[in-house]
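Engineer: Sharing a structure below in structure tokens format, with a few things to ask.
The values are calculated or read from the model by the stated rules, or taken from the named source; none is laboratory data. Keep in mind that this is a model prediction, so the values were computed, not measured. Cβ atoms come from the backbone with ideal geometry, glycine included; neighbour counts cover every protein chain shown. Only protein heavy atoms, including side chains, enter the accessible area calculation; ligands, DNA and RNA are left aside. Shrake-Rupley method; radii C 1.70, N 1.55, O 1.52, S 1.80 Å.
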Amino acid sequence: MSGARTLAPFGRRLAEVTAVERIGAYALLCALDADGPADPAPGQFYMVAAAERWGAGADERPFLPRAFSFARAWPRPGGGAALDFLMEDVGPGTERLIALGEGEGLWLTGPLGIGFAEPEHGRPLLVGGGIGVAPLLCWQDRLGRDAEVLVGFRSAQHAEAAGLFAGEPRLATDDGSAGRHGLVTDLLAEELDTDARATVYACGPPAMLEAVRVLCAGRSVPCQLALESGMACGYGACFGCVVPTREGYVRLCVDGPVLAGAALEVVA
Amino acid sequence: MTDFCGLSLSGPVLNGSGTFDAIAAQRTFGDALWDAFPFDAFVTKTITVLPRQGNPPPRLWETPAGLINSIGLPNKGLEGFLEGDLPQLRRLPVPLVVSVMGYGPDELAALVRGVAPRDEVEALELNVSCPNVASGLIMGSDPAETARAVEAVRPVTDKPVIVKLTPNATDPAGVAAAAESAGADAVSLVNTLKGMALHPRTREPWLGGGAGGVSGPAIRAVALEQVHAVAGRVGIPVVGMGGITSGAHARDFLDAGATVVAVGTESFRDPAAGSRIADELRVILRQERGFSGVTAVPIDPR
Ligand SMILES: Cc1cc2nc3c(=O)[nH]c(=O)nc-3n(C[C@H](O)[C@H](O)[C@H](O)COP(=O)(O)OP(=O)(O)OC[C@H]3O[C@@H](n4cnc5c(N)ncnc54)[C@H](O)[C@@H]3O)c2cc1C
Ligand SMILES: Cc1cc2nc3c(=O)[nH]c(=O)nc-3n(C[C@H](O)[C@H](O)[C@H](O)COP(=O)(O)O)c2cc1C
Ligand code: FES
């Protein structure tokens, strides 16, 4: 597995917020990244911070920029890209970013890390849990209609984000308020039991990714998992973001965030 | 040009050890990194004799205007550095300073013997923020221990030796004076201050290493005082650092007696922070002082 990496311009740059839209329980932050590359690779991420009043939230945080996968990118005729980030408000950083308005400034560094690799065999199966659907949106765009999408959310309100995918993704919710009552990994198990010729791409909470890894390992299905960890820099400078793999710790920001399931003993 | 203990630097802004990885940055930013390299000298992450995998995650906790890290000095070890990293660092457009840490004077001497003869290496930095296994003392917290560390490496190399002081010492200026007497060419400070955070839910220590080191603007005032105290005590050049995020802060450290400054945590927020801070400093010095070259003209703090 060797995923794609688009190089980032050196340093951070100012982008402009063009809109912040509510999508059920989440928000879509849209920005014009005039000085960035037009073609970030799906699965790559950006370090993002508000240009103004970054640091005045709860506990006088945020201080560091925050990592976000881009959900979609459109090349701009004049250069650069229009970027969408799908965000969940979980703390002072995401709260501040979601509160931004049109025309406000956004610091961006990126695209960072290594994205998804082409399917190794069989059909591509995209498996998203909650906010983890974000990087799968652009990956579906890239793979085209034969990519099958399975998504799981807490509730119908969160599941509104499923509408961002093309076609009709298969849906499960924890509380049964939309789609199947259950877990997205139940849907995945059914898919693989029907036809195990697939390459699985997954992003979501650690418990879900671990379940996906185990399901795929048991059926010899290759899987690529987009992980998360706490990051300070996003470009390999701090060694803060390591995750354990079979080869020892790797820096998720430069060797990930997409890792082969086979490289992991467990998703912690 | 800035003269710094015999090295001729194109300006006065270095990086703090362990806060910028030129090799990883090249993977992310490509060769543009070499053209726009943000520092006037590059200090490596601290290396040890044997490889270390570092502390278990989580390794980071954000504080108001700062960061606590418990990274635990992951590195490839001396052999891994010489074979894996050093060849790639040949592409650096600025002088290379290698940071080393040993669990006692003998190990430090072995590291310097391995690294210093290499042409790519222009200076050494001794990270003395670790225990001497023989005495159990943190070397950098004690003047006599620090002197022994410097005496062990001094006969091994003619290249400049910088001693990185820890702020967790009772009397950093006393430690600096001991380093100077033992033959150090420069001192750098501050390293991180000890700190910790509790897990919001479990109430156990959050960091995998238990406690960690605090850096960033949160420690700037503490660092400035220590730089001022050390510069008032020693005659060798001082590298000032701790929470510098702007040219104005860099100017403060120079005025407090530093010869050059280093940027650490701010590079996490902006990979090119070093260049920005150097540019801002140049403007300040030109506007306020009427000269453009940054040289060591510290204004007498008294
Ligand atoms: C590669 C990558 C891609 C990502 N993509 C997305 C995405 O597309 N969309 C999205 O919504 N999110 C994404 N995330 C997650 C996102 O980065 C975090 O949700 C965000 O950083 C949270 O910041 P915050 O200030 O809102 O919350 P924080 O307060 O930082 O809280 C987040 C978590 O951090 C921990 N925490 C709490 N306080 C502290 C502290 N003081 N210091 C350190 N940790 C603390 C807790 O575990 C808490 O649950 C991604 C993360 C990574 C690594
Ligand atoms: C993540 C991280 C890793 C560090 N690693 C090292 C190291 O390996 N060796 C060292 O001497 N100092 C290390 N330091 C300390 C910095 O070089 C610097 O002394 C300190 O962070 C204060 O400067 P700042 O506030 O500008 O970051 C590290 C600091 C951070 C934040
Ligand atoms: S976030 Fe700093 S090394 Fe990965």
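Engineer: With a/c under 1.5 counting as rounded, go ahead and sort the stretch A:152-268 into rounded, prolate or oblate using the C-alpha gyration tensor (a ≥ b ≥ c being the square roots of the eigenvalues; past the cut-off, prolate if a/b is larger than b/c, else oblate).
Structural biologist: It comes out oblate by the Cα gyration axes.
Engineer: So, in Å, what gap is there between the alpha-carbon centers of the stretch B:1-33 and the stretch A:201-268?
Structural biologist: Distance between centres, Cα-based: 31 Å.
Engineer: Now for a separate question. Among B:VAL261, B:VAL94, B:VAL163, which one moves the most in a GNM of chain B with springs linking Cα atoms closer than 10 Å?
Structural biologist: Greatest mean-square fluctuation among the candidates belongs to B:VAL94.
Engineer: Moving on to the next point. Using only the alpha carbons, work out the radius of gyration and Dmax of the stretch B:190-238 in angstrom.
Structural biologist: 15.3, 50
Engineer: Right, another one. Just name one of B:ALA278, A:VAL243, A:TYR201: the one whose Cα is farthest towards the positive end of the charge dipole of the protein assembly as shown (beta-carbon charges, Lys/Arg +1, Asp/Glu -1).
Structural biologist: Value: B:ALA278.
Engineer: Shielding by partners for B:21-34, please: the mean number of other protein chain Cβ atoms within 10 Å of each residue's Cβ.
Structural biologist: Shielding by partners across B:21-34 averages 6.
Engineer: If you don't mind, there's one more thing I want to ask. Expressed as a whole number of Å, what is the distance separating the alpha-carbon centroids of the stretch B:64-121 and the stretch A:132-198?
Structural biologist: Comparing the Cα centres of the stretch A:132-198 and the stretch B:64-121, I get a distance of 47 Å.
Engineer: Write down the radius of gyration of chain B and its Dmax, each obtained from C-alpha positions, in Å.
Structural biologist: 18.1, 57
Engineer: Please give the calculated 222 nm ellipticity per residue for chain B, where each DSSP H segment of at least 4 residues contributes -39500 (n - 2.57) and the sum is spread over every residue; nearest 500 deg cm²/dmol?
Structural biologist: -8500 deg cm²/dmol
Engineer: A follow-up question, please. Report the trypsin sites (Lys or Arg not before Pro) located in the stretch B:161-260 that are in a DSSP loop and have at most 11 other Cβ atoms inside 10 Å of their Cβ, or state none.
Structural biologist: Those satisfying the criteria are B:ARG201, B:ARG203.
Engineer: Run through the stretch A:82-148 and list the trypsin sites (Lys or Arg not before Pro) located in a DSSP loop whose Cβ has at most 12 other Cβ atoms within 10 Å.
Structural biologist: The qualifying sites are A:ARG145.
Engineer: With a 1.4 Å probe and all protein chains in place, put B:ASP3, A:ASP174, A:ASP195, A:ASP33 in order of accessible area, largest first.
Structural biologist: Sorted descending by solvent-accessible area, the residues read B:ASP3, A:ASP174, A:ASP195, A:ASP33.
Engineer: Still on this structure, please answer the following. Can you bin the stretch B:57-213 into rounded, prolate or oblate? Criterion: square roots of the alpha carbon gyration tensor eigenvalues sorted a ≥ b ≥ c, rounded for a/c under 1.5, prolate for a/b above b/c, oblate for the rest.
Structural biologist: oblate
Engineer: In addition: Once phi is turned into ³J(HN,Hα) by the Karplus curve 6.51 cos²θ - 1.76 cosθ + 1.60 with θ = phi - 60°, what whole-Hz value does each residue of the stretch B:23-38 show in order, with x for glycine and proline?
Structural biologist: Coupling constants for the stretch B:23-38: 6, 5, 5, 5, 5, 7, 10, x, 6, 4, 4, 5, 6, 10, 4, x Hz.
Engineer: Still on this model: Please report, in whole Å³, the volume per residue of the convex hull around the C-alpha atoms of the stretch B:94-137.
Structural biologist: Normalising the Cα hull of the stretch B:94-137 by residue number yields 47 Å³.
Engineer: Rg (Å, one decimal) plus Dmax (Å, integer) for the alpha carbons of the stretch A:201-248?
Structural biologist: Computed over the Cα atoms of the stretch A:201-248, radius of gyration and Dmax are 12.7, 37 Å.
Engineer: Label-point separation (nm) for B:MET196 and B:SER246, each offset 7 Å from Cα along Cα-to-Cβ?
Structural biologist: With each label placed 7 Å out from Cα toward Cβ, I get 3.5 nm.
Engineer: Among residues other than A:LEU29 whose Cβ falls under 9 Å from its Cβ, what is the net charge (Lys/Arg +1, Asp/Glu -1)?
Structural biologist: -2
Engineer: When you look at the Cβ of every residue in B:65-73, what mean number of other chain Cβ atoms sits within 10 Å?
Structural biologist: Taking the mean over all residues of the peptide, I get 3.
Engineer: If you take every residue apart from A:ARG142 with its C-beta less than 13 Å away from the C-beta of A:ARG142, what net charge results, scoring Lys and Arg +1 and Asp and Glu -1?
Structural biologist: The answer is -2.
Engineer: Sticking with this structure for a sec: Report, in debye and to the nearest 20, how large the dipole of the stretch B:22-163 comes out about its Cα centre when Lys and Arg carry +1 and Asp and Glu carry -1 on their Cβ.
Structural biologist: Charge dipole, the stretch B:22-163, about its Cα centre: 260 debye, nearest 20.
Engineer: Continuing with this model, one more query. Around B:ARG27, what is the net charge, scoring Lys/Arg as +1 and Asp/Glu as -1 over all other residues with Cβ under 10 Å from its Cβ?
Structural biologist: Combined, the nearby Lys, Arg, Asp and Glu give -1.
Engineer: For a label point 7 Å from the Cα of A:SER2 along Cα→C-beta, name the residues of the stretch B:59-100 whose backbone N is under 20 Å from it.
Structural biologist: Residues B:88 qualify, since their backbone N sits under 20 Å from the label point.
Engineer: Here's another thing I want to ask about it. Over the whole of B:215-226, what's the average partner chain Cβ count within 10 Å per residue? Rounded to a whole number, please.
Structural biologist: For this peptide, the per-residue mean of nearby foreign Cβ atoms is 1.
Engineer: Could you tell me what fraction of 2.2 N^0.38 Å the Cα radius of gyration of the stretch A:174-226 comes to, as a two-decimal ratio?
Structural biologist: Against the compact-globule rule of thumb, the ratio is 1.13.
Engineer: Compute the Cα gyration tensor for the stretch A:35-103, then decide on rounded, prolate or oblate, letting a ≥ b ≥ c be the square roots of its eigenvalues: rounded whenever a/c is under 1.5, prolate when a/b is larger than b/c in the other cases, and oblate in all that remain.
Structural biologist: Prolate shape, in that a/c is at least 1.5 and a/b is the bigger ratio.
Engineer: Another question about this same structure. Might you work out the accessible area of B:SER10 for me, using a 1.4 Å probe with all protein chains in place, and round it to the nearest 10 Å²?
Structural biologist: It works out to around 80 Å².
Engineer: Separate question: At 1.4 Å probe size, what's the solvent-accessible area of A:LEU215? Round to the nearest 10 Å².
Structural biologist: 30 Å²
Engineer: Using just the C-alpha positions of the protein assembly as shown as equal point scatterers, what log10 of I(q)/I(0) does the Debye formula give at each q in 0.07, 0.08 1/Å?
Structural biologist: Results for the protein assembly as shown at q = 0.07, 0.08 Å⁻¹ read -0.43, -0.56.
Engineer: Based on Cβ point charges of +1 for Lys and Arg and -1 for Asp and Glu, what charge dipole magnitude is obtained for chain A about its Cα centre, in debye rounded to the nearest 20?
Structural biologist: 460 debye
Engineer: In units of 2.2 N^0.38 Å, what is the alpha-carbon radius of gyration of the stretch A:43-201?
Structural biologist: Normalised by 2.2 N^0.38 Å, the Cα Rg of the stretch A:43-201 equals 1.15.
Engineer: While we're looking at this one, here's another question. Identify all aspartates and glutamates with a Cα-Cα distance to B:LYS76 below 19 Å; exclude those on the same chain that are fewer than 8 residues away in sequence.
Structural biologist: Cross-link targets: A:GLU247, A:ASP255, B:ASP21, B:ASP85, B:GLU107, B:GLU120, B:GLU125.
Engineer: Still on this model: Can you figure out the FRET efficiency of A:GLU16 with A:ALA38, using R₀ = 22 Å and their beta-carbon distance, to the nearest 0.05?
Structural biologist: Between A:GLU16 and A:ALA38 the formula returns 0.85.
Engineer: Within the stretch A:178-216, what residues put their amide N at less than 15 Å from the label point 7 Å along the Cα-to-Cβ vector of A:GLU88?
Structural biologist: Backbone N within reach: A:183-185, A:203-210.
Engineer: Okay, moving on. Could you work out [θ]222 nm for chain A from helices alone, using -39500 (n - 2.57) per DSSP H run of at least four and dividing by all its residues? Round to the nearest 500 deg cm²/dmol.
Structural biologist: One gets -5000 deg cm²/dmol as the mean residue ellipticity at 222 nm.
Engineer: Using alpha carbon centroids, what distance separates the stretch B:251-273 and the stretch B:123-147, in Å?
Structural biologist: The stretch B:251-273 and the stretch B:123-147 have Cα centres separated by 24 Å.
Engineer: How big is the shadow of the Cα convex hull of chain A, averaged over all directions, in nm²?
Structural biologist: 13.4 nm²
Engineer: Over all distinct Cα pairs, what is the inverse of the mean 1/r for the stretch B:117-180, reported as the Kirkwood hydrodynamic radius in Å?
Structural biologist: 12.1 Å
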